[in-house]
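*Asks:* Take this structure, written in structure tokens, and hold onto it; I'll ask about it next.
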Amino acid sequence: MTISVRFAGMGGQGIIFSGIALARGVSLYEKRGGKDLYAIQTQSYGPEARGGSSKCDVKISESENFYPFVEIPDYLVLMSQPAYERFIDVTNKDTVVVLDEDAVESRPDIEYYDIAATKKAEEIGKRIVANVVMLGAFVEISGIVSKKSIQKALCDVAPKGTESLNKKAFELGTALGKDAINAD
Amino acid sequence: MRLEAGTYFMQGNEACVEGAIAAGLRFFAGYPITPSTEIAERLAERLPEEGGIFIQMEDEIASISAVIGSSWVGAKAMTATSGPGFSLMQENIGYAAMTETPLVIVNVMRGGPSTGLPTMPSQGDVMQAKYGSHGDYEIIALAPATVQDMFDLTIKAFNFSEIYRVPAIILSDAEVGHMRGKFTVPKKSEVLERRMRTDKVWHDGFAYDESLVPRFPVFGRGFRVHVTGISHDIAGYPRTDPEVHEELVRRLSEKIIGNRDKISLTDIYNEDSDRFIVTYGSPTLAAMEVIGNDPSIGLLQLKTLWPMPEESIRHVAKNVKEILVVEMNMGQVFKEVQRIACLEGCENVRLLSKVGGEVHTPQEIVHSLRRC
């Protein structure tokens, strides 16, 4: 049993950061039935991750050895219109899409949730943490991993001095996620 | 400090660095190249913390030269590169084999030939690792498939290199090097040291015993030894006699081939199967998923590529109807498996080749198995 998650957006939005925080949280802090879980994070390399489109995949598994590459994601988290266009058809009817509502114009015909991530991040004065708001919303909507595990991983990977900002952004995200579920 | 025992979450290339430090790495010289750069990046920070030396050289030829030099003053030494840099290193790999210099080379393979596909994986350098330099010689090559392997096999590479006084090559690939995942550092890893010369005799620097591996006379400790790539006698001095050359070249091979069983690292899953996948490196992860869903299929994972683990391949070939070799090249290990399986009467060996810079999917392996 594996769960696949794909984050996609523009280089510089922190797409890869979100994936690393998720995979790290699952790998180090999450247990299922008292047993360890495993996660592998992979990403796009080269110039496209440095300003163009950026993609980061996470695969979560209960067993240690598994195919770590994502083909069709169970969850697709999108933070730009080009990323939407590139990845929206690499889905199936069960894929759940989470969108940054101001950054993505189109809407899919499969299950999706609108999250005002960039707007919320701007409200706290830091547009740069929109990716963490999205991560919080994804964790709430998917329910596949505990908030505590991901928050702990976020503290590990956030640059020194930004831990509380990231924590705040994550909490705003989980609240937006909750609202999105209730509005559904 | 080397990492304490515990569980860590890192990139494959970073786990390789930690394995090297756990094995006692003291010197790194390299020239950054995708997809191996994170190894140099992390070592630039970690090695000085350990009291070791990190140098960024002007190119890969200088890098391996510096590594050879540092090994001769007794340091455990390493470099890291990818295909284009590995090609530049070939001449000195032969020199290291001829002078019996312990060192580790990490080749995080990317698509070739030439500059090829810098950011994407391949397994195109398997034959080059063994045959890239001129003349008859043996090296050791290991192929990690996971982040854990990047840590464990790096330690093994140092151990083999030190014990047999031979270049040990880690043939990783862009996927294994770049993926992030969990790995465990055990309380104690077995770390082996070079057998040193402690006397000050100076006329037999390459004298050997039944192990065929000469004790190592460290430069600068009073033992005078001549080191040359020219055929040499046990004093290290150039000799052109055919007998001396033959004795040397046969011994350089025999000290590795004679220990093939000790060096061969393999894992066998679903041993009683009559259909087997043989693979190594990142395609192993696709094969794992296939055999997880269908236990009637066996898997032989080669963690050692050179010397080729002939015993394990023969063992698998004995009772099987077919073998499918899965690799990201046009069939390099395939030809070896075909040759070895044939010795056991198994002629049905097929290749599932992929050269597009992507790892095989489990589905592609399943389709290929169905075709027969």
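A short reminder: the numbers here are calculations on the coordinates, not readings from a lab. All figures in this text were calculated on a predicted structure; none of them were measured in a lab. Note that we place each Cβ from the backbone using ideal geometry, even for glycine, and neighbour counts take in every protein chain shown.
*Asks:* Using only Cα atoms, what is the ratio of the radius of gyration of region A:97-178 to 2.2 N^0.38 Å? The partial results should precede the final answer.
*Replies:* Details: Rg = 12.4 Å, N = 82, 2.2 N^0.38 = 11.7 Å.
Ratio of Cα Rg to 2.2 N^0.38 Å: 1.06.
*Asks:* Work out the mean other chain Cβ neighbour count within 10 Å for the residues of B:272-285 and drop it here as an integer. Don't jump to the answer; show the numbers that get you there.
*Replies:* Numbers: counts 0, 0, 0, 0, 0, 0, 0, 0, 0, 0, 3, 1, 2, 6.
Partner-chain Cβ atoms within 10 Å, mean over residues of B:272-285: 1.
*Asks:* Which number do you get for Rg(Cα) / (2.2 N^0.38 Å) in chain B?
*Replies:* Values: Rg = 20.5 Å, N = 372, 2.2 N^0.38 = 20.9 Å.
Here the Cα radius of gyration is 0.98 times the empirical estimate.
*Asks:* Another question, if that's okay. Relative contact order for chain A: what percent, with Cα pairs under 8 Å and sequence separation of 6 or more?
*Replies:* Values: 373 pairs, mean separation 41.1, N = 184.
Relative CO of chain A lands at 22 percent.
*Asks:* If you average the alpha carbon positions of region A:126-160 and of region B:302-358, how far apart do those two centres end up, in angstrom?
*Replies:* 44
*Asks:* In the structure shown, do any of B:K187/B:K255; A:K31/A:K168; B:K187/B:K354; B:K76/B:K335 have a Cα-Cα gap over 28 Å, and if so which?
*Replies:* B:K187/B:K255; B:K187/B:K354; B:K76/B:K335
*Asks:* Quick check: convex hull of the Cα atoms in region A:2-183, volume per residue, rounded to a whole Å³? Please list the in-between numbers first.
*Replies:* Working: hull volume 20.6 nm³, N = 182.
Expressed per residue, the convex hull around the Cα atoms of region A:2-183 is 113 Å³.
*Asks:* Assigning unit charges at the beta carbon (Lys, Arg +1; Asp, Glu -1) and nothing else, what dipole magnitude in debye, to the nearest 20, does region A:2-183 show about its Cα centre? Can you show the working numbers first?
*Replies:* Working: 22 positive and 25 negative charges, 148 e Å.
Dipole magnitude for region A:2-183 comes out near 720 debye.
*Asks:* Moving to a separate point now. When a footprinting reagent is the concern and you count Cβ atoms within 10 Å, what order do B:E138, B:E60 take, fewest first?
*Replies:* Numbers: B:E138 19, B:E60 25.
Listed from fewest to most nearby Cβ atoms, that is B:E138, B:E60.
*Asks:* Can I ask one more? About its Cα centre, how strong a charge dipole does region B:1-57 have in debye, to the nearest 20, once Lys and Arg get +1 and Asp and Glu get -1 at the Cβ? List each step's numbers first, then the result.
*Replies:* On the way: 4 positive and 8 negative charges, 34 e Å.
Here the size comes out at about 160 debye.
*Asks:* Here's a follow-up. What share of Cα pairs, in percent, lie more than 20 angstrom apart in region B:6-185?
*Replies:* Numbers: 7221 of 16110 pairs.
Cα-Cα pairs of region B:6-185 separated by over 20 Å account for 45 percent.
*Asks:* List, in order, the whole-Hz ³J(HN,Hα) value for each residue of region B:26-33 obtained from phi through the Karplus relation with A = 6.51, B = -1.76, C = 1.60 and θ = phi - 60°; use x for Gly and Pro.
*Replies:* Per residue, the Karplus-derived 3J(HN,Hα) values read 10, 8, 10, 10, x, 10, x, 8 Hz.
*Asks:* Under the rule of at least 5 residues apart or a separate chain, name every residue whose amide H is placed under 5 Å from the amide H of B:R110.
*Replies:* Placed amide hydrogens put B:G83, B:S122 under 5 Å from B:R110.
*Asks:* How compact and how long is region B:1-105, expressed as Rg and Dmax of its alpha-carbon atoms in Å?
*Replies:* Rg, Dmax (Cα atoms, Å): 13.2, 40.
*Asks:* Project the alpha carbons of region B:150-260 onto their principal axes and report the range along each, largest first, in whole Å.
*Replies:* Sorted largest first, the three principal extents are 53, 30, 23 Å.
*Asks:* For B:C346, A:C56, which order do you get if you count the other beta carbons within 10 Å of each Cβ and list the fewest first? Show your work: numbers first, answer last.
*Replies:* Details: B:C346 22, A:C56 27.
Least crowded to most crowded, the residues run B:C346, A:C56.
*Asks:* Related question: Work out the length of the dipole vector of region B:6-185 about its Cα centre, built from +1 on the beta-carbon of each Lys and Arg and -1 on the beta-carbon of each Asp and Glu, and round it to the nearest 20 debye. Kindly include the intermediate steps, with their values, before the conclusion.
*Replies:* On the way: 10 positive and 20 negative charges, 47 e Å.
Taking the Cα centre of region B:6-185 as origin, the dipole is about 220 debye.
*Asks:* Looking only at other chains, what is the average number of their beta-carbon atoms within 10 angstrom of each beta-carbon in B:177-186?
*Replies:* Details: counts 0, 4, 9, 14, 11, 11, 1, 1, 0, 0.
Shielding by partners across B:177-186 averages 5.
*Asks:* Where the centroid of each part is defined by its Cα atoms, how far is region B:1-16 from region A:58-99 in Å?
*Replies:* Answer, in whole Å: 28.
*Asks:* Continuing with the same structure: Which ordering of B:L248, A:L37 is given by a fewest-first count of other beta-carbon atoms within 10 Å?
*Replies:* Working: B:L248 18, A:L37 22.
Neighbour counts put them in this order, fewest first: B:L248, A:L37.
*Asks:* If amide H atoms are built 1.01 Å from N in the plane of the peptide, which residues on other chains or at least 5 residues away come under 5 Å of the amide H of B:L352?
*Replies:* B:V325, B:V326, B:E327
*Asks:* In addition: With runs of 4+ DSSP H residues as the only contributors, calculate the mean residue ellipticity of chain B at 222 nm using -39,500 (n - 2.57) per run, divided by the residue total and rounded to the nearest 500. Could you put the intermediate results ahead of the total?
*Replies:* Details: 13 runs with 142 residues, N = 372.
Calculated from helices alone, the mean residue ellipticity at 222 nm is -11500 deg cm²/dmol.
*Asks:* Which trypsin sites (Lys or Arg not before Pro) from region B:168-238 combine a DSSP loop assignment with at most 10 other Cβ atoms within 10 Å? Kindly include the intermediate steps, with their values, before the conclusion.
*Replies:* Details: sites: B:R180, B:K182, B:K187, B:K188, B:R194, B:R195, B:R197, B:K200, B:R215, B:R221, B:R224; in loops: B:K187, B:K188, B:R194, B:R195, B:R197, B:K200, B:R215, B:R221, B:R224.
Answer in residue order: B:K187, B:K188, B:K200.
*Asks:* Which of the trypsin sites (Lys or Arg not before Pro) across region B:269-372 are loop residues per DSSP, with 12 or fewer other Cβ within 10 Å?
*Replies:* B:K321, B:R371
*Asks:* Something else now. Quick one: what does P(r) look like for region B:263-333 with 5 Å bins over all Cα pairs, in whole %?
*Replies:* Here the calculated profile for region B:263-333 is 4, 18, 30, 27, 17, 4, 0.
*Asks:* Which value, in Å to one decimal place, does the Kirkwood hydrodynamic radius take for the protein assembly as shown when every pair of different Cα atoms is included?
*Replies:* Numbers: mean 1/r = 0.0400 Å⁻¹.
So the Kirkwood estimate lands at 25.0 Å.
*Asks:* Quote the convex hull volume per residue of region B:1-42, based on C-alpha atoms, as a whole number of Å³.
*Replies:* Details: hull volume 2.8 nm³, N = 42.
Enclosed volume per residue, from the Cα hull, is 67 Å³.
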